[in-house]
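J.: Here you go, one structure.
The values are calculated or read from the model by the stated rules, or taken from the named source; none is laboratory data. Here the structure is a predicted model, which is why all the values come from computation and not from measurement. Here the Cβ is made from the backbone with ideal geometry for all residues, glycine too, and neighbour counts use every protein chain on show. SASA here: full protein model, heavy atoms, side chains in, ligands and nucleic acids out. Shrake-Rupley method; radii C 1.70, N 1.55, O 1.52, S 1.80 Å.
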Amino acid sequence: MINSKSYNYLFYFLLSILVVVLLFVSNTLSISYKEALNVFENTSVLTYITKTSIYLFGQNDIALRLPFIVFYILSVLLMYKSTEKYFKYDRDRFLSIIIFMVLPGVLSASLLVNSAIMVTFFTLLYLYFFHKEKKHSYILLFLYLLIDNSFAILYFAIFLFSLKSKDKKILITSLVLFSLSMYIYGFESDGKPKGYFLDTFAIYSTIFSPLLFVYFVYTIYRAGIKNEKTLTWYISATALLLSLIFSLRQRIYIEDYAPYVVISLPYMLKTFYHSYRVRLKQFRKKHYISAILVFIMLFLNVILTIINKPLYLVIPNERKHFAYKYHFIKEIAQELKKRNIDSVYTTDERLQLRLKYYGIKKGYNYFITFNKATIYTSSITVNYYGRDLKTLYIKKVK
């Protein structure tokens with residue numbers, strides 16, 4: 001029988017291994033266009049955090065993604081601490097945190113330069129304080145107003161929760177903060193109206209894994225009709241419903257909503273454990289098979305996160321690769337430097353900005369493009385596992 005201390009040691013051991021894996025994977029990715037915008041053009045807390053890391057550790061891919069790996073570590077530790085008295089059995093708590101650690105949405109958020117994992121951590125921090133002190137942290141709520149626009153969802157969820165708890169102070173505060181957030185950051189509603197409801201469902205299925213997401217929707221519904229609506233439930237349910245409603249009209253930024261959805265994982269798993277144990281052993285087969293399938297899918301996700309480039313060998317269209325936007329550019333920059341080319345010009349502004357991160361400045365001695373129709377003097381082909389995937393054509397101007 002494994003005791004509580006052994007589970008703790010095992011948890012920290014697995015977390016350490018996963019962090020090493022994330023550091024390794026971060027060094028295999030190239031900066032994407034959106035990430036380059038956050039480094040060079042945008043002005044936000046996210047930008048300052050990223051620039052600080054780059055200033056301290058150099059302009060490389062690990063430094064670029066290190067702050068988000070740190071937020072991932074803090075989020076996992078906070079989730080583990082928060083569930084200390086939540087589960088009856090240590091094994092349940094251990095399995096819960098392992099699933100959270102390898103959840104596709106959480107794992108991928110730790111590698112990308114966006115606000116998702118940062119928002120996850122700060123939301124967990126707020127909930128930890130709320131459950132420990134049995135009161136709301138107004139300092140944190142006001143601080144969050146300066147961090148990211150997506151905290152408007154948190155404010156709105158707290159407002160709805162306060163209607164139930166009849167706490168006038170937090171009701172007024174959350175309403176004011178929600179209004180200020182909407183005033184400062186605005187709400188994206190431009191573009192031609194188009195439904196993305198099914199797309200949003202598909203993305204959530206990717207974030208959780210399909211079976212987990214279906215069960216998540218069930219537990220949200222179950223808690224709602226059974227009047228088991230905690231603050232965490234209000235946050236997750238509000239984020240889910242808002243994202244689905246808005247997706248009826250437009251494409252949403254899923255990173256604004258996903259952090260509030262994944263935090264309900266412990267409640268979902270507690271519901272599963274209860275449903276599993278109230279049944280006699282001969283009637284647990286469906287639950288057991290479902291659990292095995294979920295773990296298999298999560299394990300495959302971890303493997304594909306580590307070694308994703310071989311997937312190009314089996315994907316006919318390389319643009320369909322889930323990490324396509326994070327590949328090729330670093331290899332191209334390295335090859336340009338080998339040829340003593342440190343400044344180029346291109347009509348592709350996205351390519352220009354991404355190359356800038358790897359020290360390739362804007363200049364007019366060489367023109368580069370991915371368009372083969374251009375008359376060129378040389379070319380660079382990026383090859384992964386024997387397959388030619390991306391060719392850059394170079395024309396010497398001067």
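J.: Being out of contact with any strand residue (DSSP E or B) (no Cβ under 8 Å at 6 or more places or on another chain) and more than 26 Å from residue 236 (Cβ to Cβ) narrows it down to one residue among 254, 307; which is it?
T.: 307
J.: In segment 321-336, which residue that is more than 18 Å from residue 308 (Cβ to Cβ) and surrounded by fewer than 19 Cβ atoms within 10 Å (Cβ to Cβ) is nearest to the chain's Cα centre (by Cα)?
T.: 334
J.: Go through segment 146-183 and count every residue that is free of Cβ contacts under 8 Å to residues at least 40 places away in the same chain, of a type outside the set (Asp, Glu) and either part of a helix (DSSP H, G or I) or closer than 21 Å to residue 236 by Cβ (or both).
T.: Qualifying residue count, segment 146-183: 23.
J.: Please enumerate the residues belonging to segment 8-39 that are among the hydrophobic types (A, V, I, L, M, F, W, C) and open to solvent by less than 30 Å² (accessible area, probe 1.4 Å).
T.: 11, 15, 18, 19, 22, 25, 29, 31, 36, 39, listed by residue number.
Conditions (1) among the hydrophobic types (A, V, I, L, M, F, W, C); (2) on the phi > 0 side of the Ramachandran plot; (3) under 17 Å from the mean Cα position of the chain (by Cα), marked per residue:
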site: 243; (1), (2), (3): no, no, yes
site: 248; (1), (2), (3): yes, no, no
site: 270; (1), (2), (3): no, no, no
site: 275; (1), (2), (3): no, no, no
site: 278; (1), (2), (3): yes, no, no
site: 283; (1), (2), (3): yes, no, no
site: 298; (1), (2), (3): yes, no, yes
site: 310; (1), (2), (3): no, no, no
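J.: For residue 394, state whether it is in a strand (DSSP E or B), in contact (Cβ under 8 Å) with a residue 40 or more places away in the chain and of a type in the set (Val, Ile, Thr).
T.: Criteria met by residue 394.
J.: Can I ask one more? Look at residue 201 and say whether it is modelled with pLDDT of 90 or more, aromatic (Phe, Trp, Tyr) and assigned to a helix (DSSP H, G or I).
T.: Against the criterion (modelled with pLDDT of 90 or more, aromatic (Phe, Trp, Tyr) and assigned to a helix (DSSP H, G or I)), residue 201 does not qualify.
For (1) out of contact with any His (no Cβ under 9 Å at 6 or more places or on another chain); (2) at pLDDT below 90; (3) more than 14 Å from residue 262 (Cβ to Cβ); (4) of a type in the set (Val, Ile, Thr), each residue gets a yes or a no:
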residue	(1), (2), (3), (4)
205	yes, yes, no, no
208	yes, yes, no, no
211	yes, yes, yes, no
220	yes, no, no, yes
228	yes, yes, yes, no
234	yes, no, yes, no
237	yes, no, no, no
241	yes, no, yes, no
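J.: To continue, here is another question. So which residues in segment 156-175 are under 28 Å from the mean Cα position of the chain (by Cα) and open to solvent by 70 Å² or more (accessible area, probe 1.4 Å), if there are any at all?
T.: 175 - this is the single residue of segment 156-175 that is under 28 Å from the mean Cα position of the chain (by Cα) and open to solvent by 70 Å² or more (accessible area, probe 1.4 Å).
J.: With the requirement that a residue be closer than 11 Å to residue 332 by Cβ and open to solvent by less than 40 Å² (accessible area, probe 1.4 Å), what does segment 373-388 give you?
T.: 380, 382
J.: Considering only segment 301-315, I want to know if a residue exists there that is in contact with an Asp or Glu (Cβ under 8 Å, 6 or more places away or on another chain) and crowded, with 20+ Cβ neighbours inside 10 Å.
T.: yes
J.: Which residues, counting only those in segment 345-359, are open to solvent by less than 80 Å² (accessible area, probe 1.4 Å) and either part of a loop (DSSP other than H, G, I, E, B) or at pLDDT below 90 (or both)?
T.: Hits for segment 345-359 are 346, 348, 358, 359.
J.: Can you tell me which residue within segment 91-113, out of those that are within 20 Å of residue 205 (Cα to Cα) and either part of a loop (DSSP other than H, G, I, E, B) or among the hydroxyl-bearing types (Ser, Thr, Tyr) (or both), is most open to solvent (accessible area, probe 1.4 Å)?
T.: The qualifying residue most open to solvent (accessible area, probe 1.4 Å) is 108.
J.: Please go through segment 310-343 and give me each residue that is more than 14 Å from residue 389 (Cβ to Cβ), modelled with pLDDT of 90 or more and not small (Gly, Ala, Ser), ordered by number.
T.: 334, 336, 337, 338, 339, 340, 341, 342, listed by residue number.
J.: Okay, moving on. Here are the criteria: (1) open to solvent by 80 Å² or more (accessible area, probe 1.4 Å); (2) not in a strand (DSSP E or B). Tell me which single one residue 362 does not satisfy.
T.: Checking residue 362 against (1) open to solvent by 80 Å² or more (accessible area, probe 1.4 Å); (2) not in a strand (DSSP E or B), the one that fails is (2).
J.: Which residue is modelled with the highest pLDDT, if the candidates are limited to segment 126-155 and must be within 17 Å of residue 115 (Cβ to Cβ) and open to solvent by 50 Å² or more (accessible area, probe 1.4 Å)?
T.: Per the stated criteria, the residue is 143.
J.: Step by step: first the residues of segment 40-53, then only those that are open to solvent by less than 20 Å² (accessible area, probe 1.4 Å) and free of Cβ contacts under 8 Å to residues at least 24 places away in the same chain, then the one that is nearest to residue 71 (Cα to Cα). Which residue is that?
T.: Top of the filtered list is 53.
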